[in-house]
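Reviewing the structure listed below.
Bear in mind these aren't lab numbers, they're just calculated from the coordinates by the rules spelled out. Source: prediction; values computed, not measured. Neighbour counts are summed over all protein chains in view; Cβ atoms, including those assigned to glycine, are modelled from backbone coordinates with ideal geometry.
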Amino acid sequence: LGLRSGAVLLRVTNFGTEHAGGGTYERPFLMLWVFGADGLVTRMEQFDVGHEAEALARFDELAAELVPRSIRRQVRPNAATANRARLDAAIAARDAEAIATLFADDLESVEHTTGLVFDREGALFSCRALLGARDPAHRHEPLATLGDALALCRVAWSASGFAGGKFDVGAYESEGIDLIEVDVQGRCQRRENFAVDRLGDAVTRLYECYADLLPAGPARARAAATARAAAAMLGPVDLDRYATAFATDIESVDHRILGTWSARGAEAQLRNWRSLLEVAGDVAMREDDILGLQSNAFLVRRMHVGTDRVGGGAYERSFLALWIFGTDGLVTRSELFDTDRDAEALARFDELTT
């Protein structure tokens, strides 16, 4: 009756044979399970058949509690987000003519997961294929913008099925991260698609494309340096790469309850990282969401994973990371927050960027 990543509501039947009298029985009922952060069942509730409305209301109530608190995001609308909103509306209306007006003649679309590159006709073919499916849905969620021409969006598309001349397809759903660039007419002239777990790569490309669009001069040089620093920080955990991104007088403040990273100076910052790598192996950082992004700063939710060198146990730790880039493009300030302190982190982001 209902299913989310952390909860499920099922109609089930319990049947068997009584040991004493030998009689068979069966009993239908509704079962609601909620799963915790470790994937184990943390709550189980049962309802009689005929009480579906009550069970669904309870399912919605418990499932809503599983949504992460940090869902607020600061995104400035621009021509690129407007283009994506019009595309979603045109697909919902099944308006093929409107869709055709949203792509520039020189469009280039890159699928980083497969390496496929296609042009305007390829994009229109994909849209027509979606329109030909049953119950098509297409939705962009803006994550960040830079300037008026660039936007980073989480995109999802789905359908309940497709019946073709040679084969049929059942219900499907897919999602990814789209980097969109529009021309002066507001038409999409570049799209780059990334897997959902490659948000860091998408942020790096956003900064690189922003630098490419600026005229030659100090602003472009600064933007290009910022893009290089972002690439170093958002890539694999590599202290040599990190060293190229830190300003000499970088200041780091760890606001987390179990904070360990407060320090001043690039060498102190690197010492913190070395101490981490001494006690943990397979250390990696993954970007899961963006709360705020500007040309000289961004606030992201990151996931830190690794393996304890002594006991061999795997661990993961989610947190919020705020970075400020200086006039030379290097990171001048780093602040960390617990993942449920999004309001505090956003207020600090506003304070530092203002």
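Below, the figures for the structure above:
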quantity	calculated
Under-5 Å amide H pairs with R341, H placed in peptide plane, nonlocal only	none
Neighbourhood net charge (11 Å Cβ-Cβ; Lys/Arg +1, Asp/Glu -1) for A268	0
Potential extension, A221-V237 segment - 0.36 nm per residue separation minus Cα distance	3.2 nm
FRET efficiency for V49 and E18, using Cβ-Cβ distance with R0 set to 25 Å, rounded to 0.05	0.75
Between the range 220-278 and the range 73-104, the Cα center-to-center distance that results, in Å	37 Å
Net lengthening on full extension, E141/S5 (0.36 nm per residue, minus Cα-Cα)	47.0 nm
Theoretical gain in end-to-end length, S158 to V184 [0.36 nm per residue, Cα-Cα removed]	6.3 nm
Karplus 3J(HN,Hα) series, Hz, for the range 148-153 with 6.51 cos²θ - 1.76 cosθ + 1.60 (x for Gly, Pro)	9, 9, 10, 8, 10, 9
Label zone at D340 (point 7 Å along Cα-to-Cβ), backbone N below 14 Å, the range 23-53	37
Estimated [θ] at 222 nm from DSSP helical runs (n ≥ 4, -39500 (n - 2.57)) normalised by residues in the chain, nearest 500	-9500 deg cm²/dmol
For the chain, with +1 on Lys and Arg beta carbons and -1 on Asp and Glu, the positive-most of A96, A266, G170 along the dipole	A266
Highest to lowest packing among 33-44, 141-152, scored as the average C-beta count within 10 Å	141-152, 33-44
Förster radius 30 Å - calculated FRET efficiency between R76 and A100 (Cβ-Cβ, nearest 0.05)	0.60
F125/Y25 FRET efficiency (R0 56 Å; Cβ-Cβ; nearest 0.05)	0.50
Rough spin-label spacing in nm, given labels placed 7 Å along Cα→Cβ, for A268 and T42	3.7 nm
GluC sites (Glu not before Pro) within the range 1-90, DSSP loop, no more than 15 other Cβ atoms inside 10 Å	E18, E65
On Cα atoms only, tilt of 218-234 relative to the major axis of the chain in degrees	50 degrees
Cα-centred dipole magnitude for the range 120-211, charges only on beta-carbon of K, R (+1) and D, E (-1), debye, nearest 20	280 debye
Student exercise, the chain dipole from Lys, Arg, Asp, Glu Cβ charges, in Debye to nearest 20	360 debye
